[in-house]
Structure formats: structure tokens, C-alpha cells
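The values are calculated or read from the model by the stated rules, or taken from the named source; none is laboratory data. Owing to the predicted nature of the structure, the values given are computational and were not obtained by experimental measurement. Backbone-built Cβ (ideal geometry, glycine too); neighbour counts: all protein chains shown. Side chains included, ligands, DNA and RNA excluded: accessible areas come from the protein's heavy atoms. Shrake-Rupley method; radii C 1.70, N 1.55, O 1.52, S 1.80 Å.
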Amino acid sequence: MASATASISSHSIALRDLKAARIGAVRQQVAVPAAAPKGQRARAVRPLCAAEPSRKPVSASAASAPVAPVEEEASAAASVDYEALALELVDASPLEIMDRALDMFPEASEVQDLVRTKGLFSFYEDGHQECCRVRKVRPLRRALKGLKAWITGQRKDQSPGTRASIPVVQVDPSFEGLDGGAGSLIKWNPVANVDGKDIWTFLRTMDVPVNTLHAQGYVSIGCEPCTRPVLPGQHEREGRWWWEDATAKECGLHKGNIDKEGQTPKVGVNGNGSAEASAPDIFQSQAIVNLTRPGIENLLRLENRAEPWLAVLYAPWCPYCQAMEASYVELAEQLSGSGIKVAKFRADGEQKSFAQAELQLQSFPTILLFPGRTVKPIKYPSEKRDVQSLLAFVNTLR
């Protein structure tokens, strides 16, 4: 414990010293011009890197003509009081600093065209990619063209369907940097191998301010119309674009996590088989019956079942199935001996088309109740996958 406390304390000091060093570096790199007129707020820009060549501000005659982004930045840099700006941002959050450092907005004409053509909420009908491309991806693309590297907060456990293989550092596969062309931008993912629970332990230990939405169940936060709190038993990314396929929870900022065919990278792939073949099975319990294709077909055909059955249609590589494993196993153990059978049916791979046609499968996991006196199974209508919610569903219809 003493060593852990010492480590945290030294880290805090290191952060303080790093902040002071950065402020000092800004003061040394940039000559401080006269302060902006009273009441006029200086525009914040990215400080010039020491390794970059000096840039001359544009002439007064050229100021009214269209200029390149580099020239715009140099012109703005000449009018910024960096000493005042550095002092102003000493206690600012990273988001506040980014907000002041980058004017990253979507093109108004592109947003207007999208809204006029499809309305404000077209993403509920035809997917989120188009809206994200206009409002997020293209602005980021423009911003990154002025940089040589960028840092993300991606973690492997954030979205096992798309981020399970991200490295700590990589050549950005999607965006270009300052020099232009493929390979011109470095992408750092420093917490790629860190578990989410360890991130939260650090934040609480260091008393780091966090978005208040986290306390309201918003584990993964995106745009307001496309984000909702996660429910008990759900994976953190299930709150994002909840109406879409559970395997592709990316907006496009990290589209390099998805391969050229538009499919998410295979989780657990090795040289000898697919992800589906290599992923370990889940819902392992003596209280859960492992149904085969003939077994579940028999359940479908029976008109008068001797006892009700509850079955989950799952894929072992699906992070949302993995997230509900503990609650489903606990439910099965509670129902053991109650006259209700609890089962599982693996519905990916060759069984997926059958499950979609006959078992109401739309996404994983899908939970079905086969009542004693009704031929057609009843699909669990909620995304609350905690034990109490599932138990209420069973007891209502048994």
C-alpha cells in the first residue's frame, strides 16, 4: 500500500511539473505581442512545435484573400497573448483546452444539405455513419492535417467487437498528418491495455473531475440523440447507437478498427481458425441446458410443452452476451427445480440464418420464453438483463 501511495504521489508531482514545463515552453517558443484590446478575446491556437520551421504571418494585403490553413494559423498566432493564455488555462480541463485550441466544426453547408434531404434524425432509419461522417469525421480529418501525431483514449475492453486488437502506437490507417499521404500521422493509444475499472480507480484516487453523466449511467458518452444510459447486465458500448447491429459500435473516428470489407476485426483470431471457432463458450452452468439445432426445433414444434423454457440466443464472441453471462447464470440457478427450464442456443455462424427466420433473432443476445401452452415463443422485449427484470418477465408469462 505504501508503494502504491508513493507511486500516486510521485505521479501527481510529475503531472504538476509537466504542466509547468509546458507553460514555460510556450512562453519561450513564442514572442509575447501586445495584449488584445480590452473586451476582445484572443483566439487560441495550437502552439508552434519547436521542431517545426518558423512561419511568417501573412501580409496585410493578403489578409482578405483565401489563405491556406498554415498561413491562417501563423496569422492568428501573431495576435495571441500566449503568456495570458497559459495562465488562463493552468487549471482548465483537457476538454476546455481542446475547445480553445481547435476550431473544429462541421461544414455548415454539409449539415444543411443532410438535414434538408433526410431530416434531423435520419440515422435512426439508415444508420449513423452518414451523420457522423459530416459532423465528426470530416472536421477531425481537417484538424489532424496540421499535426504529426494524436492521442486517443481507446481501450481494448471498451468495445471487444472493434477494439480488441488496437496497439499502443500505430501509423494511423485512416487519417493523414502534416506531411500528407499514407503514414504521415502517428496514433497513440496509451491506455489500450488498461482495464476500465483501473482507469476509474485512478480517477477516483487522484480526484480527477469527470463528466457528471457518468454518474447517471452513461458509461460511454457520444452525441445526445445516439447515447443512452446502459442497463444492468449490459456492456458499456450498448448505450451507443442501440438500435443498430451490436458488433459495429464505431462512429468513424476510429474506422481503422474495421477492416476493408466493412466487418469488425475478428476477436480471438489465430492462424488456425475464425473468431467464432476460437472464442471460449459462455453461459457455462449445470443449471443451463445446451440446446442443439434439433433440440430447439423440437421446442418450436411442440404445442403443449410439459414445462416452460427460457432460452438465450447468443454468440460467445459477442461482448453484450458476455456482459449478461453472470446474471443469466444466476437466474438459471434461482429457477432450478422451479419447473422452468433455462437453456442456451448458439445462433451465430451457420445457425444465424435459421435463428433470424425462425427465432426472431435481430441482434445478440436475444432471449425467448417458450410457454407451456403457446406454440410461438415470446421474445423478451427489454434490454434490462439483470436477474430481477428477467425473473419478472418469466413469472408474468409462465
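Some observations on this one:
- Accessible solvent surface per residue of the stretch 105-148, calculated while the other protein chains remain in place, 1.4 angstrom probe, Å²: 62 Å²
- Net lengthening on full extension, Met206/Phe105 (0.36 nm per residue, minus Cα-Cα): 33.1 nm
- Taking label positions 7 Å along the Cα-Cβ direction at both Asn290 and Ala149, the computed distance is 4.7 nm, reported to one decimal.
- In a fully extended conformation the segment linking Lys376 and Asn395 would gain 5.1 nm over its present Cα-Cα distance, using 0.36 nm per residue.
- Volume per residue of the C-alpha convex hull in the stretch 110-152, rounded to whole Å³: 71 Å³
- Stretch gain in nm, segment Asp281-Val90, where the contour uses 0.36 nm per residue and the Cα spacing is subtracted: 63.7 nm
- Measuring against 27 Å, Cα to Cα, the residue pairs Lys118/Lys255; Lys118/Lys376; Lys344/Lys376; Lys148/Lys255; Lys118/Lys156; Lys118/Lys379 contain Lys118/Lys376; Lys118/Lys156; Lys118/Lys379 as the ones spanning a longer distance.
- In terms of packing, defined here as the mean over residues of other Cβ atoms within 10 angstrom, the peptides 198-207, 325-334 line up highest first as 325-334, 198-207.
- Paramagnetic reach from Gln334 in the stretch 370-389 [backbone N under 11 Å; point 7 Å along Cα→Cβ]: 386-389
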